[in-house]
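Bear in mind these aren't lab numbers, they're just calculated from the coordinates by the rules spelled out. The structure displayed is predicted, hence computed values, not measured ones. Glycine gets a Cβ as well: all are built from the backbone with ideal geometry, and neighbour counts include every protein chain shown.
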C-alpha cells in the first residue's frame, strides 16, 4: 500500500503540493488527473523517490521511499520524456535496466515483437508512440510491484493505446502490480482504472474508487412548466448546474434513487438521466473549484 | 552497487579509448622519432650552446590536467539534466553510492591513463640514448597521481554544485584562478620584501605544482658544468617544508571535497537540474569576489582599468541570470563589489606610496 502523508513540495517560492494526503491500495490501477501544472509529475517524482518533500512522506508498506533502494527496487518510474541520446538503441537500454532490476529479457523481446519495434535502430528515429512503446516494454520487463507512468497515453495512436491498456491490465492481474498513471486521456483512464485522484490547488481535491464515484454522480436534463431559478436546487449536492428558462441541466451527487425521488418532488414535466463520463466529472470538479470559468 | 560499478566501468570504455588514442598520437608516437635525451652541443661562431632534449612530461601534464576537467563533466553530467535525473535518481541505488561510484570510476579512469602514459614515457626514454637517472623517473607516477586526485576531486565537487553543465564548467574554470587572485589580493597590501609570490599549491592547478616539483627533482639530469649525470634523490629528501605543507593542504582539501560531495548527496535538491545555479560555491560568491579582486589589483591605463572589470561584470551577470534583461536588483551586488574594488585599489596604491616614502 502506498500512503502519502502531509506531503508538501515547492520550487523556490512556488508551492506545488501542500499537505497532500493520499492512500493507494495494492494491486489497483490508479488514475492521477489534474489540469496542466497541477503537480501530477511532481507527485510522481516524489512517489518514485527522485524528489524529497519539504514536509511529509511517501510510504510504501510503511517504508519511506526517499533514498531507500530497498523500496525503490519495486518501483519503476516512466517519465513523460525518458532519456536517450541521438544514437541510443533499444538494446543499449537493456544493460542499464538489468543493472538495477530483475529484468525479464524474454518478456521484453516478446513485447518488442508485439509492438513491432527494432532494437537495433536508434530510438531517435522512432515516432513518439514507438518510443513510448519501447519504454513501456522496458517497464513491463522489470516486473515492477509499483509502476508509475507519467502521461502514459501521450502520443499513442488508438491501436497503441488499446495494446498498452491490455498490457497494463495484464501486468496488474498477472503480476499483482500497482499501477499509477497520470494522464489527460481520461477516457483511457476510465477504461482501466479502479481508483482515481484529482489534484487541484496543491492537494487531492477528490479521490476514491472510480466505479463507486461514478455511481454516485448523476447528470439530468429536466424540463419545467415555468422558468426556474438555481435557488430551487439549493438543497442538492450539486457539481454543476446550467439553467436556460425552463430547461435545467444538472449534475448531482448522491444515491440515484434518492436523488431522482427528490427531483420528482419539484414536479418537473420531464426528467432525463444522461450518462456521465469520467472526463465530464473531472471538468465539473475543476470547474467547481474555480477553473475554466 | 557492484552491478552499477561494473556498468559504469563499461560505460567509460569508449571515452577511455578515445583519450588513450589521442594521447598516444599526440604525445607518445611523436617521441619515437626523437633520437636521444641528452645535451646537444652546437658549435656556432666559436661559441658553444647547450640545449636539453626533454621528454614530453609537460605535454602529459597538460593532457591529464585537461582530463581532470573533462572527466567530472562526463561522470556527473547526469545530475544536470532533468531527463537524466529522472533516470538515475529513480533507480534503486542510494544517492551516496551513486555519486561515490561515479566519482570512483572517473578517478580509476584517470589513474589508469596516468600510469599507462607515465610508463610509456619512461619506456620511450629508456629506449633512447639518455643521461637520466631513470630510477627517479618513476617518481612521476606518484606526483601525477597526486595531482590527478587533487584536481579531479576538487573539480567533481565544484562541478556538482552547478545546476547546468555549462555553469559547472564555468565554476571549475573560476576555481583555477580564484585562490591565486585571492592570494595576490591579500599580499598586495604588504611590502614587496614580504611577498614572495604565491606558493606552488595556489598556482593555477596542482599540475603546475607537480610540473615544478618534478622539474626540480628529476629534470636536471646532468650537472650543467661537467655534463655528468647526477643523483637527484637528495633533492627529494631536501624538499622544502613549505611545499610539503602546500601538498598536504591540497590533499586535505581534496579529501574534504570528496566527503562533501558524497555525504551531502541525500540533501541535494535534484529538481534544480537545469535551473539557475544559485550555489554558494558558484556565481553568488565568486562573481562579486572576482570583480572586487580584479578591480582592486589592476593597475593599468584608467580606460582599461574600467573596461575590463565592467565588461567581466556585465558578461558574467548575464551568464548567471541567463537573460539580457537582468533585473536591477541583480546588478546591486556586482556593482557594489566593483565600487569596493575601486576603493581597495586606492587604498593599496596609498599604502604603496607610504612604503616608497
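Data for the structure
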quantity: The protein assembly as shown: antiparallel DSSP beta bridges as a percent of all, rounded to 5; calculated: 70 percent
quantity: Per-q log10 I(q)/I(0), the protein assembly as shown, q = 0.05, 0.09, 0.12 Å⁻¹ (Debye; single scatterer per alpha-carbon; no solvent); calculated: -0.38, -0.93, -1.27
quantity: Shielding by partners, peptide B:77-88 (average Cβ within 10 angstrom, other chains); calculated: 4
quantity: Principal-axis tilt of helix A:128-141 within chain A, Cα atoms, nearest 10 degrees; calculated: 70 degrees
quantity: Order of B:179, B:29 under a 10 Å beta carbon neighbour criterion, fewest first; calculated: B:29, B:179
quantity: GNM flexibility winner over chain A from A:112, A:65, A:259 (Cα, springs under 10 Å); calculated: A:259
quantity: Sorted by Cβ density within 10 Å, fewest first, the residues A:47, B:300, A:1; calculated: B:300, A:1, A:47
quantity: Euclidean distance between Cα centres, the stretch B:241-306 to the stretch B:162-188, Å; calculated: 5 Å
quantity: 0 to 90° range, to nearest 10: angle between helix A:158-175 axis and chain A longest Cα axis; calculated: 80 degrees
quantity: Helical mean residue ellipticity (222 nm; -39500 (n - 2.57) per DSSP H run of 4+; nearest 500) of the protein assembly as shown; calculated: -16500 deg cm²/dmol
quantity: B:156, A:193 arranged by Cβ crowding within 10 Å, fewest neighbours leading; calculated: A:193, B:156
quantity: Whole-angstrom gap from the stretch A:226-293 to the stretch A:110-183, using each part's C-alpha centre; calculated: 39 Å
quantity: Nearest-ten-degree value, helix A:90-100 long axis tilted from longest Cα axis of chain A; calculated: 90 degrees
quantity: Net lengthening on full extension, residue A:11/residue A:70 (0.36 nm per residue, minus Cα-Cα); calculated: 18.5 nm
